[in-house]
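For reference, the structure discussed in these notes is given below.
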Amino acid sequence: MTTTTDTSALAERFQETFGTAPDGVWQAPGRVNLIGEHTDYNEGFVLPFAIDKTAKVALRLRNDATVRLLSTFGGHGLVETSLEGLEPGSGQGWSRYPLGVAWVLKERGITVPGFDLLLDSDVPLGAGLSSSHAIECAVITALNELTDAGLNAEELVLETQRAENIFVGAPTGIMDQSASLRGAKGHAVFLDCRDQHVDLVPFDAESAGLVLLVIDTKVSHSHADGGYASRRASCELGAEVLGVTALRDVGVEDLEEASGVLDETTLRRVRHVVTENDRVLQTVELLGSHGPASIGLLLDASHASMRDDFEISCPELDLAVEAAKTHGAIGARMTGGGFGGSAIALTPVRQEQQVRDAVVRAFAQAGFTEPDIFTVTPAAGALRLA
Ligand code: GLA
């Protein structure tokens with residue numbers, strides 16, 4: 001899904017398709033996570049940022065309950081349905097995201113009329129960069145405004161989470177939509193997932209002579225599949241056995257004692273979450289004191305923990321990380337939910353080409369599909385464009 005339609009072209013295309021001008025055009029970004037993986041649903045800490053790739057929606061409210069959905073990238077053609085009788089599991093492909101958002105708002109008691117929507121997005125699908133949340137966040141920002149629902153950022157985050165969890169059926173946390181809705185240019189979003197407190201942390205790789213490369217392995221994944229849910233269940237089991245509300249309440253110093261009461265697999269899952277929370281806090285501190293060049297080892301340790309303890313990596317992600325590190329990256333890790341998707345590699349600008357070439361070469365030698373490699377910088381969160 002790579003398009004470059006600008007705002008006025010999207011509005012014009014909307015007019016051609018639906019016969020009237022849209023009420024407006026909104027956009028919301030995808031995200032990368034710098035560090036803090038599978039910590040969000042454990043009420044822990046995460047450090048993602050909104051990226052300079054976005055979903056854009058031109059949208060117009062209707063006078064009836066009909067919803068008409070079209071995207072610039074094909075996929076399903078024009079979808080026409082009704083908000084009446086909408087229920088979890090309805091819809092196909094990307095249409096589930098706007099429908100899920102409309103459904104949660106209606107469930108909350110907000111009067112949501114039907115709407116026409118044209119979607120454009122350059123967030124790669126299934127690459128672990130939250131393409132689905134980008135769509136949901138753009139739509140909820142538009143509907144919140146057009147229906148005068150007046151929900152604040154924290155409420156919008158929780159509603160999009162409900163759309164994912166209940167309507168789409170993916171038991172995910174609040175990290176992705178928090179980055180997409182609350183991100184800011186030049187900053188990472190340090191989020192405490194227990195109370196949704198956000199501190200914006202400056203992340204200026206360029207001034208440090210670095211780039212953040214994304215390596216999309218093209219191994220696609222879905223968090224509605226079993227792997228994500230089973231990790232979540234292990235964490236809940238660990239918290240229950242340890243007698244805490246959430247793994248957030250377990251410290252690194254408690255792990256030795258935990259090893260006496262948890263089974264071997266649960267212990268490793270718990271160890272990942274507990275040490276990862278600690279790594280997020282260390283990363284935030286180091287970014288403040290020494291800047292982006294100082295966080296490489298924490299990124300590496302995070303990847304090792306996901307590969308060995310949480311077991312959510314895959315050969316392509318491991319290879320991307322290893323090849324990047326061997327050829328000049330100062331730190332690299334898989335990003336997002338795992339089982340495919342993308343890795344990030346923090347790389348000195350002067351080594352960027354070398355790292356890119358090495359990763360492509362390593363994938364070819366292993367017989368893997370050629371990865372897509374690009375840089376990202378922290379961008380603004382969801383906003384109205386027109
Ligand atoms: C996916 C989910 C997030 C988070 C990450 C793992 O991106 O949507 O809520 O759990 O995986 O950190």
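The values are calculated or read from the model by the stated rules, or taken from the named source; none is laboratory data. Please read all numbers here as calculations on a predicted model, not as lab measurements. Every residue, glycine as well, gets a Cβ built from its backbone with ideal geometry; the counts of neighbours run over all protein chains shown. Surface areas here come from the heavy atoms of the whole protein model, side chains and all, with no ligands, DNA or RNA. Shrake-Rupley method; radii C 1.70, N 1.55, O 1.52, S 1.80 Å.
Results, tabulated for the structure shown:
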{"read-out": "Of all residues making up the stretch 334-386, the number that are of a type in the set (A, V, I, L, M), touching a helix residue (DSSP H, G or I) at 6+ places or on another chain (Cβ under 9 Å) and outside any helix (DSSP H, G or I)", "value": "10"}
{"read-out": "Among the residues listed as Ala233, Ala229, the single one being under 18 Å from the mean Cα position of the chain (by Cα) and not in a loop (DSSP other than H, G, I, E, B)", "value": "Ala229"}
{"read-out": "For Arg162: the one exception among (1) more than 16 Å from the ligand (Cβ to nearest atom); (2) touching a residue at least 12 places away in the same chain (Cβ under 8 Å); (3) open to solvent by 10 Å² or more (accessible area, probe 1.4 Å)", "value": "(1)"}
{"read-out": "Given (1) closer than 19 Å to Leu287 by Cα; (2) assigned to a strand (DSSP E or B); (3) away from the ligand (no atom under 12 Å from the Cβ); (4) not acidic (Asp, Glu), index of the condition Ile215 fails", "value": "(1)"}
{"read-out": "Output for the stretch 1-27, where each listed residue is surrounded by 20 or more Cβ atoms within 10 Å (Cβ to Cβ), assigned to a loop (DSSP other than H, G, I, E, B) and at pLDDT 95 or above", "value": "Pro22"}
{"read-out": "Checklist (1) at positive phi; (2) in a strand (DSSP E or B) applied to Gly74, failing item", "value": "(2)"}
{"read-out": "Any hit, the stretch 141-155, residues being surrounded by 23 or more Cβ atoms within 10 Å (Cβ to Cβ), assigned to a helix (DSSP H, G or I) and among the aliphatic types (A, V, I, L, M)", "value": "yes"}
{"read-out": "Leading residue by the ranking (nearest to the ligand (Cβ to nearest atom)) among those in the stretch 35-59 that are in contact with a strand residue (DSSP E or B) (Cβ under 9 Å, 6 or more places away or on another chain) and open to solvent by 10 Å² or more (accessible area, probe 1.4 Å)", "value": "Asp40"}
{"read-out": "Answer from Thr266, Thr275 - the residue that is open to solvent by less than 70 Å² (accessible area, probe 1.4 Å), among the hydroxyl-bearing types (Ser, Thr, Tyr) and farther than 17 Å from Val46 by Cα", "value": "Thr266"}
{"read-out": "Unmet criterion (only one of (1) part of a helix (DSSP H, G or I); (2) touching a residue at least 40 places away in the same chain (Cβ under 8 Å); (3) farther than 21 Å from Val201 by Cβ; (4) within 20 Å of the chain's Cα centre (by Cα)) for Leu299", "value": "(3)"}
{"read-out": "Search result, residues across the stretch 338-353 that are farther than 18 Å from Gly296 by Cα and either open to solvent by 10 Å² or more (accessible area, probe 1.4 Å) or away from the ligand (no atom under 16 Å from the Cβ) (or both)", "value": "Phe339, Gln353"}
{"read-out": "Options Ala258, Ala246, Ala304, Ala205; residue that is open to solvent by less than 50 Å² (accessible area, probe 1.4 Å), within 23 Å of Ala323 (Cβ to Cβ) and in contact with a Lys or Arg (Cβ under 9 Å, 6 or more places away or on another chain)", "value": "Ala304"}
{"read-out": "Members of the stretch 109-140 found to be within 28 Å of Asp225 (Cβ to Cβ) and more than 16 Å from the ligand (Cβ to nearest atom), listed by number", "value": "Leu117, Leu119, Asp120, Ser121, Asp122, Ala138, Val139"}
